[in-house]
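Have a look at the structure below before the remarks.
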Amino acid sequence: MESRIKTSKTWKRHLPQKPRRVQRGFYSEQKNSSQKKVLKIILGIFIILIIQSIFQIKYLQVDKIVLQNNQDLTFEDINGAIDSSLTANKLLVFKKNNFFLLDTDELKNILLENFNLDDVTVVKKYPDILEITVTEKISQFIWQKDDSIYLLDNKGVLNRQIRGVDQKYLILKDFRTQRPVGDQIFSNNEIETINQIYLLWDEMIGDSPKLANININDTWDLELHTEIGFYVKVDINEDISQQLSVLKEIISENITGIDIDYIDVRFGDKVYFK
C-alpha cells in the first residue's frame, strides 16, 4: 500500500541558528569621529597656548621707545598717546606690544591724529625697541585763553594743547569776549600784525628787555608786556616799526630804570609814562 508522506522543511526553523552578525561599524565610526574632534580641539588649544607663550615672552615685548627729532613733543606726550594701543589685546589672547604683532602703521596714524605733525616714521628694532622720528609743525606762539593753553603756528592755527606756558615762546593772552571757533584763532590780518610785532621786536629791541607776552582785547589795543614788568602800548593802525623805534630810544636812555607801569608810544614823538 502506497503511503502518502508529505515532506516539509519547516523543521529547519527549529534547528539551532547562527547568531546574526550585529553591524557595529556605524557606532564605532561615530565614536571615533567624536574622539577625533575632541583631540583636535585639545590640540588646537595646546597650539594656541604654545603660540601665546612664545608671543608673550618678555624678551619680545616692545617696551623701549626712542623719540627722535622732537622739539615741542615730549616722551610723555608720545607714550600717553600710544600706550593704550600697545597694551591692548590682539585676537583676544595676544598682546599688541609683541615685536612680531606690533602694527607700526596703526601707531603712525594715532600720532598723526593726536599731534600736529608734518610727518612721522615708526620703526621696530629687534627685539624690543620702537624708534619714532617726528617732523613737527613749528610753533612760535602760545595762545592762552582762560585755562586753555595751546601752541600756535605763525599762521594763527592751533598746533596742540600743552600743560603749561613755556617762556621760550611769545605768549598771546587772549582777553577777547568771544572764543574763536575751530583751529583758526586769528584772521590773516591779525596774525600778520602779531608776526610783525614779534619780528620787529626781535630785530630792534632784542632781549633788552625781552618781549614776554602780548595782551589782546576786543578793540585790539595791544599791550606788549616785557619780562622785567612794564608793558608798551602800541597802535596797530600806525607804523609799528616807527613806534618801536621810539621805544628803542627810550630804552637806550635808561628811562625804563625808573619804576614805571607802562610806556605809551602811540602818539609819535609824544611818549607817555605811568
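The values are calculated or read from the model by the stated rules, or taken from the named source; none is laboratory data. What you see is a predicted model, and the numbers here were worked out from it, not measured in a lab. Positions of Cβ are generated from backbone atoms using ideal geometry, with glycine treated the same way; all protein chains shown enter the neighbour counts.
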For residues that are modelled with pLDDT under 90, part of a strand (DSSP E or B) and surrounded by fewer than 16 Cβ atoms within 10 Å (Cβ to Cβ), tally how many sit in the range 135-180. 1
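Rundown of residues vs (1) in the same structural domain as Leu86 (by TED's automatic domain parsing); (2) touching a Pro at 6+ places or on another chain (Cβ under 6 Å); (3) of a type outside the set (Phe, Trp, Tyr), yes/no style:
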site	(1), (2), (3)
Leu107	yes, no, yes
Asp118	yes, no, yes
Lys124	yes, no, yes
Leu152	no, no, yes
Gly164	no, no, yes
Arg176	no, no, yes
Trp201	no, no, no
Only one of Leu101, Leu73 is touching a residue at least 40 places away in the same chain (Cβ under 8 Å), in contact with a helix residue (DSSP H, G or I) (Cβ under 8 Å, 6 or more places away or on another chain) and not in a helix (DSSP H, G or I), namely Leu101
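Residue-wise test of (1) part of a loop (DSSP other than H, G, I, E, B); (2) farther than 30 Å from Asn114 by Cα.
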{"site": "Gly182", "(1), (2)": "yes, no"}
{"site": "Glu192", "(1), (2)": "no, no"}
{"site": "Asp218", "(1), (2)": "yes, yes"}
{"site": "Val232", "(1), (2)": "no, yes"}
For Ile132: the one exception among (1) in a helix (DSSP H, G or I); (2) farther than 26 Å from Thr226 by Cα: (1)
Pick out the one residue from Ile258, Ile263 that is in the same structural domain as Lys210 (by TED's automatic domain parsing), over 47 Å from the mean Cα position of the chain (by Cα) and either surrounded by fewer than 13 Cβ atoms within 10 Å (Cβ to Cβ) or modelled with pLDDT of 90 or more (or both). Ile258
Any residue at all in the range 105-122 that is over 21 Å from Arg163 (Cα atoms) and in contact with an Asp or Glu (Cβ under 6 Å, 6 or more places away or on another chain)? no
Kindly establish whether Asn213 is under 22 Å from Val157 (Cα atoms), out of contact with any helix residue (DSSP H, G or I) (no Cβ under 6 Å at 6 or more places or on another chain) and part of a strand (DSSP E or B). yes
Across the range 170-193, what is the total count of residues that are within 11 Å of Ile214 (Cα to Cα) and within 27 Å of the chain's Cα centre (by Cα)? 5
